[in-house]
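Peer 1: First, the structure itself, so that you have it in front of you.
The values are calculated or read from the model by the stated rules, or taken from the named source; none is laboratory data. Since we're looking at a predicted model, the values are computed, not measured. When we count neighbours, we look across all protein chains shown, and the Cβ atoms used for this are built from the backbone with ideal geometry, even at glycine.
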Amino acid sequence: MAVITLDNPPLNGLNHDLRAGLVAGIDRASADAGVAAVVIIGAGRAFSSGADIREFNTPKATAEPTLRSVIRIVEASAKPVIAAIGGICMGGGLELALGCHFRVASSGAKIALPEVKLGLVPGAGGTQRLPRAIGVEAALNMIVSGAPVPSEQFKGGKLFAEIVDGTLSENELLQGALAFARKIVAARTPLALLRDVKIDFPNADAFFQFARNSVGPLAKNFPAPLKCIDAVAAAVTRPFEEGLKFERELFMQLVQTPESRALRHAFFAERAAAKIADVPENTPARKIASVAVIGAGTMGGGIAMNFLSAGLPVTLLEMKQEALDKGVATLRRNYEASVKRGKLTAEKLEQNMALLVPTLSYDGIKTADLVIEAVFEDMAVKQAVFEQLDAAAKPGAILATNTSTLDVDRIAAFTRRPQDVVGTHFFSPANVMKLLEVVRGKKTAKDVLVTVMQVAKRINKTAVVSGVCDGFIGNRMIEQYLRQAMFLLEEGASPAQVDRALERFGMAMGPFRMSDLAGNDVGWYIRKRRYVEKPDVVYSRIADRLCELGRFGQKTGLGWYRYESGKRDAIADPAVDELIAGYRKELGAQSGTVPRKIADDEIVERCVLALVNEGARILEEGIAQRASDIDMVYLTGYGFPLCRGGPMLYADTLGLYNVVRSMARLSTNARADPAFWQPAPLLARLAAEGKTFNG
């Protein structure tokens, strides 16, 4: 028996060297008269995760032997080739296994063709071979969803000749595969190729049309899911080689689409965000075995839930018993809601709650390894908390602030251990939103950064490092976005029109619905501070007028819209129209300006390019490490459309030369703040050089 081991840590990505080595192994086994069969197995915890992302966009990715060539060589082997599948078998890894004559798997192995999540169809025969192995309907579901499926679900079918029960070590799986190989050699079992399986699928046209009708509305802005259906349909209606050719044509079409580019950008951006340029990857992390959260309000309770759900004990501190009881009750209700939706078992709920220790004393947090402050967004309040934390927390404990805009360096200076202080800006609702801005102070220790990034991963957050400035990455940019939205109201647009235009662009929620959800009083409080700190910045005061009427959004039933009790539907309110009309009249009396009709395209251009220009300033100042970090913040924290890849990639797609020209045009509108529309120096320089943010 010949054994070929795929060994390319961490998940045996099929890079060029591995592909070439695999072909060399097959050739050697074929030429050796003493070899009766070949077993291909993956080293470590995977058969193969598919393409090696480190080769993406390099010549090696398409250099021969390509994966398609490797599969043809495997299929052409006169000696049986058996794939021994354990752990992860996805994408190109599954396509390779499908090209083998036989497959043996351990139970619990994860099988998937996830290419649709990158805006693609499988490109090496997956859409043609998988339907022949597990049936058309099951294959279509796997390919369109990209979701992993446990190997035991395919027991008794053509996909796996044998499934060995129980979690196996690599050596145990190999021994099982070798035993199977000896058995088929002894029995002279004919070699089986999935490409030779005939598909008999009656009423195919009706089935695929039904699939298109079902998938189309869910696919929204992404073409890949419908193309996956077309590819699987080709497996049913065309000869195998024609189906392969058609699949490849679809792959090449999709790889050129902006949607696939956006998805691939997000894929790489998420991985890049975890890397901090000046922090070595081998920097030891501090041990985090227990957590304390200061403040049992909506944010504090949500933060606590992240850690409880990850199995970490949490001490929850409040100053008053009533507030503490209310926070614990809300936390339990949130878990109970998850139980009702089937997202959580009643047993897990009780396990999580058992890890929670409510307290009214700072003495209760003395043993915590990580303490997160989630109190009111006021520097004086933060100062009082951090002075007490400095006195109560043990040496080496990480002291984190959940501030969304305040100076983390000032907060760190309230302690005698600024090296242990870091910003951890969670987004509301904290137990749901993926984004965590990790704010690095001037004195934040490198091991603190490493630890917080690891903890973020442990609680299933996408962490992005930001430097210290007012608003960090996300809220500093959203300030400019909201300023333009307010100017648009002054000039003639309505809240509903602005929201509708940006939601059609793809934003999860328009700026006025977003403000109502977050609480208009929150923005009002921050603006009042900025009026003092930034006297030269032009602000519209229209949102202040709204707040002076107590219209704070959904929580009061009235904001930019009105809301019926128990519902979140935003209903246009004539009272807001009157407020806006009165404010416009005042402006007109002062400046002679009159309202005008504003096109949806102008709304989108001004709001989105405001994000881009401020993002360029943030990047140039070093607040963000890379443009893709800014995109991750907006994709995971602010509902920017995934199909556009984030504001900085969107600008790249438009062309930075065109972005600069658009800003020059926008600067002629006085209410749009001409000074702001001067392109950030980095943006101007990249545009002049014909470069991109993500080049």
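Peer 1: Tell me which helices (runs of 4 or more DSSP H) are completely within the range 136-229 and hold 2 or more residues being of a type in the set (S, T, N, Q) and touching a Gly at 6+ places or on another chain (Cβ under 6 Å), or say none if there are none.
Peer 2: Those helices (runs of 4 or more DSSP H) do not exist here; none qualify.
Peer 1: Hey, another quick one. What's the total number of residues in the range 473-501 that are more than 21 Å from R617 (Cα to Cα), of a type in the set (S, T, N, Q) and within 24 Å of the chain's Cα centre (by Cα)?
Peer 2: Matching residues across the range 473-501 total 0.
Peer 1: Okay, moving on. Taking the range 565-602 as the search range and keeping residues that are aliphatic (A, V, I, L, M) and part of a helix (DSSP H, G or I), which one is surrounded by the most Cβ atoms within 10 Å (Cβ to Cβ)?
Peer 2: Per the stated criteria, the residue is V576.
Peer 1: Next question. Restricting the search to the range 399-445, which residues are charged (D, E, K, R) and either closer than 17 Å to G471 by Cβ or outside the structural domain of R458 (by TED's automatic domain parsing) (or both)?
Peer 2: D407, D409, R410, E437, R440 - these are the residues of the range 399-445 that are charged (D, E, K, R) and either closer than 17 Å to G471 by Cβ or outside the structural domain of R458 (by TED's automatic domain parsing) (or both).
Peer 1: So which residues in the range 423-446 are of a type outside the set (F, W, Y), in contact with a helix residue (DSSP H, G or I) (Cβ under 9 Å, 6 or more places away or on another chain) and not in a loop (DSSP other than H, G, I, E, B)?
Peer 2: Passing the criteria: G423, T424, H425, L435, L436, E437, V438, V439.
Peer 1: Moving on. For the range 464-498, how many residues meet the condition of being among the small types (G, A, S), under 30 Å from T401 (Cα atoms) and either touching a Pro at 6+ places or on another chain (Cβ under 9 Å) or not in a helix (DSSP H, G or I) (or both)?
Peer 2: Total meeting the criteria: 4.
Peer 1: Condition first: part of a helix (DSSP H, G or I), touching a residue at least 12 places away in the same chain (Cβ under 8 Å) and within 25 Å of the chain's Cα centre (by Cα). Can you find one or more residues in the range 239-253 that meet it?
Peer 2: yes
Peer 1: Filter the range 636-684 down to residues that are in a helix (DSSP H, G or I) and either over 22 Å from T593 (Cβ atoms) or hydroxyl-bearing (S, T, Y) (or both), then give me how many there are.
Peer 2: 24
Peer 1: Taking the options R504, R513, R562, R500, name whichever one is at pLDDT 95 or above, touching an Asp or Glu at 6+ places or on another chain (Cβ under 6 Å) and surrounded by fewer than 20 Cβ atoms within 10 Å (Cβ to Cβ).
Peer 2: Selected residue: R562, the only one of R504, R513, R562, R500 that is at pLDDT 95 or above, touching an Asp or Glu at 6+ places or on another chain (Cβ under 6 Å) and surrounded by fewer than 20 Cβ atoms within 10 Å (Cβ to Cβ).
Peer 1: Here is a list: D536, D516. Which entry is free of Cβ contacts under 8 Å to residues at least 60 places away in the same chain, of a type outside the set (V, I, T) and not in a helix (DSSP H, G or I)?
Peer 2: D536
Peer 1: On the basis of being modelled with pLDDT of 95 or more and assigned by TED's automatic domain parsing to the domain that holds E491, does P674 make the cut?
Peer 2: No; evaluated as a whole, the condition is false for this residue.
Peer 1: Additional query: Need pairs with beta-carbon distance below 6 Å; first residue in the same structural domain as P647 (by TED's automatic domain parsing) and within the range 260-275, second modelled with pLDDT under 95; sequence gap 6+ or separate chains.
Peer 2: none
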